[in-house]
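What follows is a short report on a single structure.
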Amino acid sequence: MPDDASIFRNGTFHADTWTFPADDVPLPPSGDIAVGKTRFLAEIQTLRARNGGIGVVLNPGEDPDGIVEHLDRITLVALRFTKYSDGRPYSVARLLRDRHGYKGELRATGDVLRDQVIFMLRAGFDSLDVAHAGTREALRTGSIVGVRHHYQPASDEAREAVGPVSPWRRRSV
Amino acid sequence: MYRYDEFDHAFVRERVAEFRDQVARRLSGEMTEDQFKPLRLMNGVYLQLHAYMLRIAIPYGTLSSKQLRRLAHIGRVYDKGSGHFTTRQNLQFNWIKLADVPQILEELAEVEMHAIQTSGNCIRNVTADHFAGAAADEVADPRVYAEILRQWSSLHPEFSFLPRKFKLAVTAAPHDRAAVQVHDIGLHMKVDDKGERGFAVWVGGGQGRTPMVAKKVRDFLPEADLLSYCEAILRIYNLEGRRDNKYKARIKILVHETGEAEITRAIEAEFAELQGKALTVPAPEIERIARYFALPDLETLRARSEVYETAKRDPAFALFARRNVHAHKVPGYGIVTISLKPTGAPPGDATSEQMEAIADIAERYSSDELRVSHEQNLVLPHVKLDDIPVVFAQLQKIGLGDANAGFITDIIACPGLDFCALANARSIPVAQRLSERFEDIARQAEIGDLKIKISGCINACGHHHVGHIGILGVDRKGEEFYQITLGGSGDETCSIGEIVGPGFSSDGIVDAVETVVDTYLKLRISADEPFLAAYRRVGQAPFKEALYAR
Ligand code: SF4
């Protein structure tokens with residue numbers, strides 16, 4: 001596996017096709033680019049006018065207000081976990097999926113560790129940017145040990161086969 | 001009682017396997033202690049002063065005899081032959097080896113128990129009225145709703161990394177025995193004039209360094225909306241709760257800083273989005289869960305038991321009947337409190353032998369059921385009045401026949417400096433000395449209802465803020481000191497105790513409590529005016545004067 005293949009999605013690792021220009025670097029004319037919320041709001045017209053995918057990166061504490069109006073044009077939302085113990089991105093992910101109907105790539109980035117992977121997928125993330133070596137290895141070999149019986153509805157229904165709904169909202173996947 | 005189905009069994013087994021894997025990675029060094037800590041906490045494993053502590057969940061305080069026997073066994077094999085019942089209706093083992101934990105969890109899983117979410121910044125084990133399912137005054141069994149909440153909150157993908165811990169309590173009787181107003185969410189069930197069940201919802205109560213009585217955000221929430229409403233509250237808390245300072249991270253601070261009106265508006269707005277969707281709890285589902293908690297087959301008996309009445313000729317039994325027996329909803333039955341507060345013992349401790357003996361008593365005389373109270377006692381919920389004299393005799397044989405429920409020696413105390421890494425001062429020895437000072441049961445009876453609660457530091461695990469007399473351990477230049485608060489209460493008349501003045505040394509604290517008690521005895525209108533009522537009538541001044549005027 002080449003080292004640059006750090007994005008785990010649909011069960012395997014891929015190289016990242018997105019670029020994340022720094023705030024003071026001019027936007028390249030083409031290609032998929034993702035920017036922070038402030039820049040996104042300031043340069044939305046430019047972003048919409050150029051060729052290539054539009055993505056936005058939200059830090060913990062940044063809400064999706066102002067972004068949601070443009071979700072039809074956005075194909076990547078990356079939510080940053082600065083510390084995995086800061087759980088705000090889980091709520092933002094669920095709001096994007098359930099409340100705002102976002103269907104594009106929803107990526108967890110930053111402190112992404114194997115013990116949270118199941119939570120992330122259930123909260124609606126479908127893509128993981130994994131830097132941690134042990135986590136990469138565990139995902140690559142499918143050796144994550146975790147709980148796959150879920151008591152509560154979450155935001156992954158669309159992507160996971162719905163098992164026997166027994167007896168109420170319970171689900172095994 | 002709730003019985004695991006295949007799903008529950010599979011869930012807990014997977015959880016054990018997951019933790020076994022995590023412990024292996026920690027022991028091999030793949031995981032740092034920093035990475036491991038939140039994971040072990042979510043499985044109830046703390047690192048204390050001298051050893052690992054394992055906190056086992058006893059959902060809504062309900063236990064079977066078989067489960068209690070298993071706890072006794074674990075205490076004997078993996079600890080030093082005893083366990084400690086906590087103010088959250090859980091059980092702690094204080095001397096556990098990390099490498100043994102997966103095995104212990106496996107043994108617990110065999111009897112439908114676990115340690116999931118007994119600590120960490122997640123939704124903790126849900127507590128309920130310890131007389132639930134038996135109390136004459138309840139409008140429904142609160143455990144039904146506590147169980148629904150347990151399922152919903154177990155490994156919740158959105159709410160497992162909250163700003164801070166999150167505690168829910170449920171009660172369903174007018175008299176609140178579950179202290180719901182000092183919880184992050186308190187649910188107080190009632191029936192409206194159409195006969196529908198619902199909850200008064202209290203948010204943002206808590207103790208710790210900033211004690212607060214919760215605010216009522218909803219007077220009547222229909223039971224079907226329970227989970228949608230809780231999910232709305234949790235989502236707002238997860239997004240907006242402070243994460244910059246762990247002492248300001250509980251939801252009570254968010255409620256306080258946002259204001260009652262604004263937080264209520266925000267909760268209602270989020271709830272409006274969630275209502276009527278996937279989280280609505282269908283009535284048949286509530287009925288299905290309620291069937292698990294159906295009353296055991298009890299006999300049809302006369303309300304009055306001659307055996308019981310005759311036994312009261314013995315004054316010791318008469319006092320036990322008065323203090324430790326509570327009204328049952330079925331005629332001819334009573335609810336018996338087993339006091340884990342014998343003179344001189346650490347509050348809430350039980351040896352493996354005692355647990356086994358209690359399990360036998362419960363099996364024979366209480367339809368195999370037990371409860372743990374947040375006051376660190378055990379409860380036999382369904383005992384025939386006819387049998388209570390025998391039960392009393394058996395409890396006396398194992399040293400647990402004290403007729404002191406609700407008396408001054410029925411003390412709550414946190415583990416304090418004997419175990420806890422955060423402590424400023426010892427709590428257990430103060431409780432032990434107080435129980436020795438007030439050992440005379442006639443004197444306790446004369447004093448009447450009086451709750452003493454002791455915490456070894458400002459985190460207030462011993463609930464001192466809601467003690468009629470609260471005792472808080474503080475550190476003064478490396479020496480243990482104790483501050484007294486008066487007038488706290490955790491029931492439906494919830495209030496936070498007020499600090500009465502400068503603290504007392506370890507030597508002086510027991511005398512100081514005695515001074516408070518003597519002052520009360522002198523000023524009460526009659527023996528029918530309990531301490532709390534008297535304090536609320538006269539205020540601090542007479543107590544202050546007695547304590548500090550020389
Ligand atoms: S109140 Fe303080 S000393 Fe007591 S158990 Fe809690 S943290 Fe430890």
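The values are calculated or read from the model by the stated rules, or taken from the named source; none is laboratory data. Because the structure is a prediction, the values reported are computed rather than measured. So basically every Cβ, Gly included, is an ideal-geometry build from the backbone, and we count neighbours across all protein chains shown. For the accessible areas, the whole protein counts, side chains as well, though only heavy atoms, and no ligand, DNA or RNA atoms are used. Shrake-Rupley method; radii C 1.70, N 1.55, O 1.52, S 1.80 Å.
Assorted remarks:
- The listed residues are B:Val500, B:Val517, B:Val466, and the only one of them that is of a type in the set (A, V, I, L, M, F, W, C), within 16 Å of the ligand (Cβ to nearest atom), crowded, with 17+ Cβ neighbours inside 10 Å and at pLDDT 95 or above turns out to be B:Val466.
- Residue that is surrounded by the most Cβ atoms within 10 Å (Cβ to Cβ) [pool: residues in region A:1-39 that are in contact with a Phe, Trp or Tyr (Cβ under 8 Å, 6 or more places away or on another chain) and at pLDDT below 90]: A:Ala5
- Taken over region B:1-22, the criterion of being farther than 20 Å from B:Gly120 by Cα, open to solvent by less than 50 Å² (accessible area, probe 1.4 Å) and without any contact (Cβ under 8 Å) to a residue 60 or more places away in the chain is satisfied by B:Asp5, B:Phe7, B:Ala10.
- Yes/no for B:Leu108 being in contact with a strand residue (DSSP E or B) (Cβ under 7 Å, 6 or more places away or on another chain), open to solvent by less than 10 Å² (accessible area, probe 1.4 Å) and more than 22 Å from B:Leu422 (Cα to Cα): yes
- Residue identified as more than 14 Å from chain A (Cβ to nearest Cβ), within 10 Å of the ligand (Cβ to nearest atom) and not in a loop (DSSP other than H, G, I, E, B) among B:Ile454, B:Ile458: B:Ile454
- In region A:1-113, counting only strands (runs of 3 or more DSSP E) that sit wholly within it, the ones holding 2 or more residues that are β-branched (Val, Ile, Thr) span A:33-36, A:54-58, A:74-81.
- Number of residues in region B:224-250 that are within 12 Å of chain A (Cβ to nearest Cβ) and farther than 20 Å from B:Leu187 by Cα equals 8.
- When B:Ser119 is tested against the conditions (1) under 23 Å from B:Pro381 (Cβ atoms); (2) outside any helix (DSSP H, G or I); (3) open to solvent by less than 10 Å² (accessible area, probe 1.4 Å), the lone failure is (1).
- Among residues of region B:33-62 that are assigned by TED's automatic domain parsing to the domain that holds B:Arg15 and more than 21 Å from B:Phe419 (Cα to Cα), those with a Cβ under 8 angstrom from a residue that is open to solvent by 10 Å² or more (accessible area, probe 1.4 Å) and basic (Lys, Arg), sequence gap 6+ or separate chain, pair up as B:Phe36/B:Arg25; B:Phe36/B:Arg26; B:Pro59/B:Arg150; B:Tyr60/B:Arg150.
- For the condition closer than 28 Å to B:Arg250 by Cα and within 16 Å of the ligand (Cβ to nearest atom), B:Ile509 does not qualify.
- Sole residue being modelled with pLDDT under 95, hydrophobic (A, V, I, L, M, F, W, C), open to solvent by 50 Å² or more (accessible area, probe 1.4 Å) and not in a helix (DSSP H, G or I), chosen from B:Ala294, B:Ala345, B:Ala303: B:Ala294
- Residue in region B:123-140 that is without any contact (Cβ under 8 Å) to a residue 60 or more places away in the chain, open to solvent by 20 Å² or more (accessible area, probe 1.4 Å) and either of a type in the set (A, V, I, L, M, F, W, C) or in the same structural domain as B:Lys66 (by TED's automatic domain parsing) (or both) present: yes
- The lone exception for A:Gly146 - which of (1) more than 10 Å from chain B (Cβ to nearest Cβ); (2) at pLDDT below 90 it fails: (1)
- Residue in region B:178-188 that is away from every other protein chain (no Cβ under 14 Å), among the polar types (S, T, N, Q) and surrounded by 22 or more Cβ atoms within 10 Å (Cβ to Cβ) present: yes
Listed here are the residues, each with its yes/no results for (1) buried (at least 22 other Cβ atoms within 10 Å of the Cβ); (2) of a type outside the set (D, E, K, R); (3) more than 20 Å from A:Lys83 (Cα to Cα).
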| residue | (1), (2), (3) |
| --- | --- |
| A:Glu105 | no, no, yes |
| A:Arg114 | yes, no, no |
| A:Val117 | no, yes, no |
| A:Asp126 | no, no, no |
| A:Ala131 | no, yes, no |
| A:Gly134 | no, yes, no |
| A:Ile144 | no, yes, yes |
| A:His150 | yes, yes, yes |
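- Every pair of residues 6+ apart whose Cβ atoms lie under 7 Å, when the first sits in region B:419-433 and is more than 14 Å from every other protein chain (Cβ to nearest Cβ) while the second is aromatic (Phe, Trp, Tyr) and within 12 Å of the ligand (Cβ to nearest atom): none
- Residue, farthest from the other protein chains (Cβ to nearest Cβ), within region B:251-289, restricted to residues that are under 27 Å from the mean Cα position of the chain (by Cα) and open to solvent by 40 Å² or more (accessible area, probe 1.4 Å): B:Glu260
- Selection status of A:Ile54, touching a His at 6+ places or on another chain (Cβ under 9 Å) and surrounded by 14 or more Cβ atoms within 10 Å (Cβ to Cβ): yes
- Within region B:407-440, the residues that satisfy the criterion of being near the ligand (Cβ under 9 Å from one of its atoms) and buried (at least 24 other Cβ atoms within 10 Å of the Cβ) are B:Ala413, B:Cys414, B:Pro415, B:Gly416, B:Ala425, B:Ser427.
- Of everything listed in (1) more than 16 Å from the ligand (Cβ to nearest atom); (2) assigned to a helix (DSSP H, G or I); (3) open to solvent by less than 40 Å² (accessible area, probe 1.4 Å), the single unmet condition for B:Arg443 is (3).
- Scanning region A:82-106 for residues that are in contact (Cβ under 8 Å) with a residue 60 or more places away in the chain and either touching an Asp or Glu at 6+ places or on another chain (Cβ under 6 Å) or facing chain B (nearest Cβ under 7 Å) (or both) yields a count of 1.
- Subset of region B:512-550 (residues that are among the basic types (Lys, Arg), in a helix (DSSP H, G or I) and either under 28 Å from the mean Cα position of the chain (by Cα) or over 20 Å from B:Ile496 (Cα atoms) (or both)): B:Lys522, B:Arg536
Residues checked against (1) open to solvent by 30 Å² or more (accessible area, probe 1.4 Å); (2) polar (S, T, N, Q):
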{"site": "B:Ala24", "(1), (2)": "yes, no"}
{"site": "B:Glu30", "(1), (2)": "yes, no"}
{"site": "B:Tyr60", "(1), (2)": "no, no"}
{"site": "B:Leu68", "(1), (2)": "no, no"}
{"site": "B:Ile74", "(1), (2)": "no, no"}
{"site": "B:Asp79", "(1), (2)": "no, no"}
{"site": "B:Gln92", "(1), (2)": "no, yes"}
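- Any hit, region B:521-534, residues being within 16 Å of the ligand (Cβ to nearest atom) and open to solvent by less than 20 Å² (accessible area, probe 1.4 Å): no
- A count restricted to region B:225-250 and to residues that are in a helix (DSSP H, G or I) and open to solvent by less than 30 Å² (accessible area, probe 1.4 Å) stands at 14.
- Checking each residue in region B:104-158 for being of a type in the set (Ser, Thr, Tyr) and under 30 Å from A:Leu96 (Cα atoms) picks out B:Ser119, B:Tyr145, B:Ser153, B:Ser154.
- In the condition set (1) touching a strand residue (DSSP E or B) at 6+ places or on another chain (Cβ under 9 Å); (2) among the charged types (D, E, K, R); (3) under 26 Å from B:Tyr333 (Cβ atoms), B:Arg250 is compliant with all but (3).
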